[in-house]
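The values are calculated or read from the model by the stated rules, or taken from the named source; none is laboratory data. This is a predicted model, so every value here is computed, not measured. Cβ sites come from the backbone with ideal geometry, for glycine too, and all protein chains shown count toward neighbours.
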Amino acid sequence: MRRLIGIGFAIALATSSAHGQDLSPEDRGAIESAVNDFGAAMNDGDHAAVADAIPPKILAHIADSAGVSTEAVIAALMTEMEKLSAQDVLEDYAIDSDNLTVGLLEDDTPYALLPTRTIVSVDGQRVQVSSQTLALQDGDDWYLVRVSDPQQVAILRDVYPGFAEIEFPPASIEQLQ
(Lines give C-alpha, C1' and ligand atoms only; values in the text may rest on other atoms or scores of the structure.)
Protein backbone atom coordinates (compact mmCIF):
# COMPACT_ATOMS: atom_id res chain seq x y z
CA MET A 1 0.00 0.00 0.00
CA ARG A 2 2.79 2.37 0.90
CA ARG A 3 4.42 1.71 -2.47
CA LEU A 4 1.16 2.50 -4.29
CA ILE A 5 0.91 5.82 -2.48
CA GLY A 6 4.54 6.59 -3.40
CA ILE A 7 3.91 5.71 -7.04
CA GLY A 8 0.75 7.82 -7.06
CA PHE A 9 2.65 10.76 -5.58
CA ALA A 10 5.44 10.37 -8.17
CA ILE A 11 2.90 10.29 -10.99
CA ALA A 12 1.18 13.39 -9.61
CA LEU A 13 4.49 15.25 -9.45
CA ALA A 14 5.46 14.15 -12.95
CA THR A 15 2.21 15.33 -14.44
CA SER A 16 1.50 18.43 -12.35
CA SER A 17 3.72 20.73 -14.39
CA ALA A 18 1.79 19.92 -17.54
CA HIS A 19 -1.49 20.89 -15.95
CA GLY A 20 -0.16 24.14 -14.49
CA GLN A 21 0.75 25.66 -17.83
CA ASP A 22 -1.41 27.53 -20.28
CA LEU A 23 -1.08 28.69 -23.85
CA SER A 24 -1.52 32.14 -25.28
CA PRO A 25 -4.68 32.74 -27.29
CA GLU A 26 -2.46 32.88 -30.40
CA ASP A 27 -0.97 29.46 -29.67
CA ARG A 28 -4.39 27.97 -28.95
CA GLY A 29 -5.62 29.43 -32.24
CA ALA A 30 -2.63 28.01 -34.09
CA ILE A 31 -3.23 24.55 -32.63
CA GLU A 32 -6.93 24.76 -33.48
CA SER A 33 -5.99 25.75 -37.03
CA ALA A 34 -3.50 22.86 -37.33
CA VAL A 35 -6.15 20.42 -36.07
CA ASN A 36 -8.81 21.81 -38.42
CA ASP A 37 -6.45 21.74 -41.41
CA PHE A 38 -5.43 18.17 -40.58
CA GLY A 39 -9.05 17.08 -40.13
CA ALA A 40 -10.07 18.62 -43.44
CA ALA A 41 -7.11 16.97 -45.16
CA MET A 42 -8.04 13.58 -43.68
CA ASN A 43 -11.68 13.98 -44.75
CA ASP A 44 -10.71 15.12 -48.25
CA GLY A 45 -7.99 12.50 -48.72
CA ASP A 46 -5.47 15.31 -49.24
CA HIS A 47 -2.35 13.33 -48.40
CA ALA A 48 0.02 16.20 -49.14
CA ALA A 49 -1.75 18.36 -46.54
CA VAL A 50 -1.65 15.47 -44.04
CA ALA A 51 2.12 15.24 -44.57
CA ASP A 52 2.38 19.00 -43.96
CA ALA A 53 1.23 18.41 -40.36
CA ILE A 54 4.44 16.45 -39.65
CA PRO A 55 7.35 18.52 -38.36
CA PRO A 56 9.94 19.01 -41.12
CA LYS A 57 12.72 18.09 -38.68
CA ILE A 58 11.12 14.67 -38.16
CA LEU A 59 10.81 14.11 -41.91
CA ALA A 60 14.46 15.13 -42.35
CA HIS A 61 15.53 12.77 -39.56
CA ILE A 62 13.70 9.84 -41.16
CA ALA A 63 15.24 10.71 -44.53
CA ASP A 64 18.75 10.94 -43.06
CA SER A 65 18.31 7.63 -41.24
CA ALA A 66 17.13 5.92 -44.43
CA GLY A 67 19.74 7.58 -46.65
CA VAL A 68 17.11 9.14 -48.90
CA SER A 69 15.78 12.63 -49.56
CA THR A 70 12.98 14.20 -47.57
CA GLU A 71 10.97 14.25 -50.79
CA ALA A 72 11.37 10.46 -51.04
CA VAL A 73 10.09 10.07 -47.47
CA ILE A 74 7.06 12.24 -48.24
CA ALA A 75 6.41 10.29 -51.46
CA ALA A 76 6.57 6.98 -49.55
CA LEU A 77 4.29 8.36 -46.84
CA MET A 78 1.77 9.50 -49.44
CA THR A 79 1.88 6.09 -51.16
CA GLU A 80 1.11 4.37 -47.85
CA MET A 81 -1.73 6.81 -47.13
CA GLU A 82 -3.17 6.13 -50.60
CA LYS A 83 -3.06 2.37 -49.93
CA LEU A 84 -4.89 2.85 -46.63
CA SER A 85 -7.45 5.13 -48.26
CA ALA A 86 -8.10 2.51 -50.95
CA GLN A 87 -8.85 -0.06 -48.24
CA ASP A 88 -11.46 2.31 -46.80
CA VAL A 89 -10.69 1.26 -43.22
CA LEU A 90 -10.86 4.70 -41.60
CA GLU A 91 -14.43 5.33 -40.53
CA ASP A 92 -13.99 8.35 -38.28
CA TYR A 93 -11.16 10.46 -36.91
CA ALA A 94 -11.37 13.29 -34.40
CA ILE A 95 -8.84 15.34 -32.45
CA ASP A 96 -10.35 17.18 -29.49
CA SER A 97 -8.53 20.50 -29.27
CA ASP A 98 -11.00 21.81 -26.67
CA ASN A 99 -9.76 19.37 -24.02
CA LEU A 100 -6.04 19.62 -24.49
CA THR A 101 -3.46 19.21 -21.73
CA VAL A 102 -0.68 21.77 -21.84
CA GLY A 103 2.94 21.18 -20.91
CA LEU A 104 6.19 23.08 -21.02
CA LEU A 105 9.58 21.61 -21.84
CA GLU A 106 12.62 22.58 -19.78
CA ASP A 107 13.60 25.14 -22.45
CA ASP A 108 10.15 26.79 -22.06
CA THR A 109 8.85 25.35 -25.33
CA PRO A 110 5.11 24.74 -24.96
CA TYR A 111 3.37 21.61 -26.18
CA ALA A 112 -0.10 20.15 -25.86
CA LEU A 113 -1.61 16.68 -25.78
CA LEU A 114 -4.95 16.40 -27.52
CA PRO A 115 -7.39 13.52 -26.99
CA THR A 116 -7.77 11.67 -30.27
CA ARG A 117 -10.37 9.12 -31.36
CA THR A 118 -10.02 6.91 -34.41
CA ILE A 119 -12.61 4.39 -35.57
CA VAL A 120 -11.52 1.80 -38.09
CA SER A 121 -13.40 -1.04 -39.70
CA VAL A 122 -11.53 -4.12 -40.91
CA ASP A 123 -13.17 -7.33 -42.08
CA GLY A 124 -16.49 -6.31 -40.59
CA GLN A 125 -14.96 -5.52 -37.19
CA ARG A 126 -15.18 -1.98 -35.87
CA VAL A 127 -12.59 -0.75 -33.40
CA GLN A 128 -12.20 2.56 -31.61
CA VAL A 129 -8.69 3.66 -30.70
CA SER A 130 -8.46 6.39 -28.07
CA SER A 131 -5.06 8.05 -27.93
CA GLN A 132 -3.27 11.38 -27.69
CA THR A 133 -1.89 13.57 -30.44
CA LEU A 134 1.02 15.82 -29.58
CA ALA A 135 0.88 19.41 -30.78
CA LEU A 136 4.42 20.73 -30.72
CA GLN A 137 5.77 24.14 -31.55
CA ASP A 138 8.83 24.38 -33.76
CA GLY A 139 9.74 27.96 -34.48
CA ASP A 140 6.51 29.84 -35.09
CA ASP A 141 4.60 26.80 -36.39
CA TRP A 142 2.61 24.09 -34.65
CA TYR A 143 2.73 20.48 -35.84
CA LEU A 144 0.91 17.29 -34.94
CA VAL A 145 2.60 14.02 -33.99
CA ARG A 146 1.01 10.71 -33.08
CA VAL A 147 2.52 9.57 -29.78
CA SER A 148 0.81 6.21 -29.29
CA ASP A 149 3.41 4.41 -31.41
CA PRO A 150 6.72 3.68 -29.62
CA GLN A 151 8.72 4.00 -32.86
CA GLN A 152 7.31 7.46 -33.51
CA VAL A 153 7.99 8.48 -29.92
CA ALA A 154 11.61 7.31 -30.30
CA ILE A 155 12.00 9.43 -33.44
CA LEU A 156 10.35 12.38 -31.69
CA ARG A 157 12.83 12.09 -28.82
CA ASP A 158 15.78 11.82 -31.20
CA VAL A 159 14.75 15.01 -32.99
CA TYR A 160 13.40 16.89 -29.97
CA PRO A 161 15.43 15.69 -26.94
CA GLY A 162 13.32 17.87 -24.64
CA PHE A 163 10.65 15.16 -24.86
CA ALA A 164 13.00 12.48 -23.48
CA GLU A 165 11.47 12.63 -20.00
CA ILE A 166 7.87 13.23 -21.09
CA GLU A 167 5.68 10.16 -20.69
CA PHE A 168 2.89 9.75 -23.20
CA PRO A 169 -0.25 7.84 -22.24
CA PRO A 170 -0.80 4.57 -24.12
CA ALA A 171 -3.65 4.18 -26.56
CA SER A 172 -6.69 2.16 -25.58
CA ILE A 173 -8.64 -0.03 -27.99
CA GLU A 174 -12.32 -0.80 -27.73
CA GLN A 175 -14.29 -3.24 -29.86
CA LEU A 176 -17.45 -1.59 -31.22
CA GLN A 177 -20.70 -3.14 -32.43
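Here is how the numbers come out for the structure above:
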{"item": "Check on residue 152, part of a helix (DSSP H, G or I), surrounded by 12 or more Cβ atoms within 10 Å (Cβ to Cβ) and either among the small types (Gly, Ala, Ser) or modelled with pLDDT under 95 (or both)", "result": "yes"}
{"item": "Qualifying residue in region 36-58 (condition: at pLDDT 90 or above, surrounded by 14 or more Cβ atoms within 10 Å (Cβ to Cβ) and more than 18 Å from residue 152 (Cβ to Cβ))", "result": "yes"}
{"item": "Residue in region 105-126 that is surrounded by the fewest Cβ atoms within 10 Å (Cβ to Cβ), counting only those that are among the hydrophobic types (A, V, I, L, M, F, W, C) and at pLDDT below 90", "result": "122"}
{"item": "Scan of region 123-155 for residues that are of a type outside the set (D, E, K, R) and over 17 Å from residue 95 (Cβ atoms), ordered by number", "result": "124, 125, 127, 139, 150, 151, 153, 154, 155"}
{"item": "Subset of region 78-113 [free of Cβ contacts under 8 Å to residues at least 40 places away in the same chain and charged (D, E, K, R)]", "result": "80, 82, 83, 88, 91, 92, 96, 98, 108"}
{"item": "Number of the condition not met by residue 176 [criteria: (1) at pLDDT below 90; (2) under 22 Å from residue 44 (Cα atoms); (3) hydrophobic (A, V, I, L, M, F, W, C)]", "result": "(2)"}
{"item": "Lone unmet requirement of (1) within 14 Å of the chain's Cα centre (by Cα); (2) more than 19 Å from residue 57 (Cα to Cα) for residue 154", "result": "(2)"}
{"item": "Condition met for residue 75 (within 21 Å of residue 120 (Cα to Cα) and free of Cβ contacts under 8 Å to residues at least 12 places away in the same chain)", "result": "no"}
{"item": "Tally of residues being of a type in the set (Val, Ile, Thr), touching a Ser or Thr at 6+ places or on another chain (Cβ under 7 Å) and either more than 18 Å from residue 124 (Cβ to Cβ) or part of a strand (DSSP E or B) (or both) across region 82-106", "result": "1"}
